[in-house]
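Below: one structure, written as structure tokens.
The values are calculated or read from the model by the stated rules, or taken from the named source; none is laboratory data. What you see is a predicted model; the values in this text were computed from it and never measured. Don't worry about glycine lacking a Cβ; one is built from the backbone with ideal geometry, like all the others, and counts go over all protein chains shown. Surface areas here come from the heavy atoms of the whole protein model, side chains and all, with no ligands, DNA or RNA. Shrake-Rupley method; radii C 1.70, N 1.55, O 1.52, S 1.80 Å.
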Amino acid sequence: KMSSGAADLRQRKKQNCTESDKMAPEERNKENSKLGRSPKYMLIQRFAKLFFGCLAAVTSGMMYAVYLSTYHERKFWFSSRQELEREITFQGDSAIYYSFYKELLKAPSFERGVYELTHNNKTVSLKTINAVQQMTLYPELIASVLYQASGSEEVIEPVYFYIGIVFGLQGIYVTALFVTSWVMSGTWLAGMLTVAWFIINRTDTTRIDYSIPSRENWALPYFACQVAALTGYLKKNLNCSAEKFCYLLVSASTYTFMMMWEYSHYLLLVQAVSLFLLDSFSLAQTEKVHEVYKIYLFSLFLGYLLQFENSTLLVSPLLSLVAALMFSKCLQMNMKKGTFLSRLLKIMYIYLVLTITVTLNFLLKMFVPHKENEHLLKFIEVKLGLNTTKNFTMNWLLCQESLQAPSQDFFLRLTQSSLLPFYILVLIICLFSVTQVIFRRICGEPLKETVKLEDGRIGERPEIVYHVIHTILLGCLAMCLEGTKYLWTPYVCMLAAFGVCSPELWMTLFKWLRLKAVHPILLALILSMAVPTIIGFSLWKEFFPRIMTELSELQEFYDPDTVELMTWIKRQAPVAAVFAGSPQLMGVIKLCTGWMVSSLPLYNDDDLLKRNENIYQIYSKRSAEDIYKILTSYKANFLIIEDSICNEVGPVRGCRVKDLLDIANGHVVCEEGNSYAYSKYGRFCHEIKMNYSPYVNYFTRVYWNRSYFVYKINTVISFQS
């Protein structure tokens, strides 16, 4: 039965392709004859529209990449800096990613470089890691191969090549958003407006300003390409050639996206839920949706094999959901239509899928060996108010701005650029239209094969419904965690631009209002041109001068204290030395000097998180002996105290590192509603600067400047003296 059902499915797909291929030219010829236009004239017109649209899309992407490069140069004076000063601009985890790119280029061969990364014991003391798997270094592998294979060593410096690739990907990102909006609305004016809103709201659409090598800056452009291809794939009456092209592009971009970012399967889970809801209400061709599910399965298993058998992908919710959907579909296909069981299954479909998903995910986690990110589950519990904790790592994560609810400034910025009001308008119209369509489907009314402009039924277009559901789900995430706004806001730009430029959306609104004074089709066509033009001119007048001012202003990023520290380490510290300090500083030390460190600014590994918490104790109220034991347990030779952390005056009391440590260590006493830090020991980072016993027995100051104090950790003999 299953084989015959699959054969029927393939046969229907072939029939649909051939029918659409035959029907499309016939319908176009009928329309052309009515308008008195020859097919040759229409072909030239369509080619011209396609050519100028593609030219505008590519030009927008290239101009955005050039804009980012120019802004980066103005901000950091990159071309006039020495190599050390350039590398200091990479902060935190960005420094770690770029340091591995440097190591690959220094290796005698690419194969040797990859081996050293997969068996890395020169980064973190007492720890051998597979850096490629743990830190998802596939972007660095690709960048190093391209740099060496293209013979760019004699043409461009490695750092320029690296950031040039990232800026180029951001150009592709913008181009993909342009194309998505163009495909949905039918006019590349929507694409231009999408790009304008994206750039104007750059603070909320991308993290490229703060962290160039971050994984999402490498991955999200591929996801945008996948969404653009998926938008075209979901369209009705698509000819076979276009459908195959979109299918192949969806396949390639989904797999590439999964390889570039360790959290990619969570974003694909949101997309899979969107497609599941789309299919549940019978608003899209089931065959197409299930083809996308197969792409997910293929990408997950191929990713599992090529990511060193990454068990995280096997226990991911995405795999459980897709497997549940495929199983539920097989049940439906193998039941006779019209029977009681088939009707019951149709009603209980969503409940059945969710039940199978949860059960399957639970079973996979029981039987598949994997490293469970316990801190992630605990964080979700505390974030939702289901639990409380004094744990330093949990509270530190909760204090991070990216993991808090978005501020009012975020919504104010989107409103000032007119993006949020138009997005809400478009979303409301589309939601009402989709609700009407779902109600008609429940009543047994079939969907129209071809939705015409005069029908005013924008909710019957599957690609529109998909984007409405997708942006709502991403919006829910963004309302909880500000860091996820970078996933949501770009598609807000795209959907809002599509809406104001789409005659169908205006026609849907006029159908509800029942306009009689003016012809609704004519008014819809006029508004779809006039409204985006007015928006474009207002944005140009208000924001273009600001963007030009950004590019003309010479900003200065100079950190002489960090430069002096790195210079001292390279000149004075032994090659085998191990440094201990804050994870953010350790990342910079690893990049700029190559010396081994005791911790890294990475938060996807429980062991590294525990290390970070232990080494942060240098800012707590603990004894010199306790700190000494912690540091020597990681074979650290030098300790670096940062004055900015030790004397931190944070905007939110209770979120400073020293406050979180006092809470975790039980050094906080509450009296009459006020909290006081209490311990029989003074704060270590203050006391060690006094140079008195017992601190001088354990630590010897060897270097200091305005921001950093470096101490050599004494040997056991010095300790006993």
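Things to note:
- Filtered residue count, the range 587-601, keeping only those that are open to solvent by 10 Å² or more (accessible area, probe 1.4 Å) and of a type in the set (A, V, I, L, M, F, W, C): 2
- The C-beta contact set for the range 522-544 (first residue open to solvent by 60 Å² or more (accessible area, probe 1.4 Å), second residue in a helix (DSSP H, G or I) and not basic (K, R), distance under 6 angstrom, 6+ apart or interchain) comprises L525/P503.
- Test for R413: is it at pLDDT 80 or above and either of a type in the set (D, E, K, R) or touching a Cys at 6+ places or on another chain (Cβ under 7 Å) (or both): yes
- Restricting attention to the range 390-412 and to residues that are part of a helix (DSSP H, G or I) and closer than 21 Å to S211 by Cα, the residue that is least open to solvent (accessible area, probe 1.4 Å) turns out to be F410.
- Single condition N121 does not satisfy, out of (1) among the polar types (S, T, N, Q); (2) over 30 Å from P490 (Cβ atoms); (3) in contact (Cβ under 8 Å) with a residue 12 or more places away in the chain: (3)
- Search result, residues across the range 248-281 that are surrounded by fewer than 18 Cβ atoms within 10 Å (Cβ to Cβ), over 15 Å from the mean Cα position of the chain (by Cα) and without any contact (Cβ under 8 Å) to a residue 60 or more places away in the chain: L248, L249, A252
- Residue-level analysis places S620 outside the set of residues that are over 27 Å from the mean Cα position of the chain (by Cα), of a type in the set (G, A, S) and closer than 20 Å to R706 by Cβ.
- Given (1) over 20 Å from the mean Cα position of the chain (by Cα); (2) in a helix (DSSP H, G or I); (3) touching a residue at least 24 places away in the same chain (Cβ under 8 Å); (4) crowded, with 16+ Cβ neighbours inside 10 Å, index of the condition A284 fails: (2)
- Residue count for the range 547-598 satisfying the condition of being in contact with a strand residue (DSSP E or B) (Cβ under 8 Å, 6 or more places away or on another chain), more than 25 Å from D209 (Cα to Cα) and in a loop (DSSP other than H, G, I, E, B): 6.
- Applying a threshold of 8 Å to beta carbon distances and a minimum spacing of six or more residues, or different chains, the list of pairs starting in the range 611-635 at a residue that is surrounded by fewer than 21 Cβ atoms within 10 Å (Cβ to Cβ) and ending at one that is among the basic types (K, R) and part of a helix (DSSP H, G or I) reads Y634/R611.
- Taken over the range 264-304, the criterion of being of a type in the set (F, W, Y) and farther than 24 Å from Y351 by Cβ is satisfied by F298, F301, Y304.
- Subset tally (residues that are among the hydrophobic types (A, V, I, L, M, F, W, C) and modelled with pLDDT under 85) for the range 453-476: 1
Every residue, every condition in (1) touching a helix residue (DSSP H, G or I) at 6+ places or on another chain (Cβ under 8 Å); (2) not in a helix (DSSP H, G or I), yes or no:
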{"site": "P601", "(1), (2)": "yes, yes"}
{"site": "D607", "(1), (2)": "no, no"}
{"site": "N612", "(1), (2)": "yes, no"}
{"site": "L639", "(1), (2)": "yes, yes"}
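- Near pairs, Cβ below 6 angstrom, 6+ apart or cross-chain, from the range 384-413 (within 16 Å of L661 (Cα to Cα)) to any residue that is among the β-branched types (V, I, T) and surrounded by 11 or more Cβ atoms within 10 Å (Cβ to Cβ): T389/V382; K390/I663; M394/V382
- Hey, I547 modelled with pLDDT under 90, surrounded by fewer than 19 Cβ atoms within 10 Å (Cβ to Cβ) and in the same structural domain as I172 (by the TED database) or not: no
- Elements of the type helices (runs of 4 or more DSSP H) sitting completely within the range 62-151 and holding at least 3 residues that are open to solvent by 20 Å² or more (accessible area, probe 1.4 Å) and touching a helix residue (DSSP H, G or I) at 6+ places or on another chain (Cβ under 8 Å): these cover 83-88, 93-106, 110-118, 138-149.
- Failed item, numbered, when Q584 is tested on (1) free of Cβ contacts under 8 Å to residues at least 60 places away in the same chain; (2) surrounded by 14 or more Cβ atoms within 10 Å (Cβ to Cβ): (1)
- Of note, A624 satisfies the criterion of being of a type in the set (A, V, I, L, M) and in contact with a helix residue (DSSP H, G or I) (Cβ under 6 Å, 6 or more places away or on another chain).
- Boolean, I163 is under 22 Å from E87 (Cβ atoms), in contact with a His (Cβ under 9 Å, 6 or more places away or on another chain) and not charged (D, E, K, R): yes
- Odd one out for F52, checked against (1) assigned to a helix (DSSP H, G or I); (2) over 27 Å from the mean Cα position of the chain (by Cα); (3) without any contact (Cβ under 8 Å) to a residue 12 or more places away in the chain: (3)
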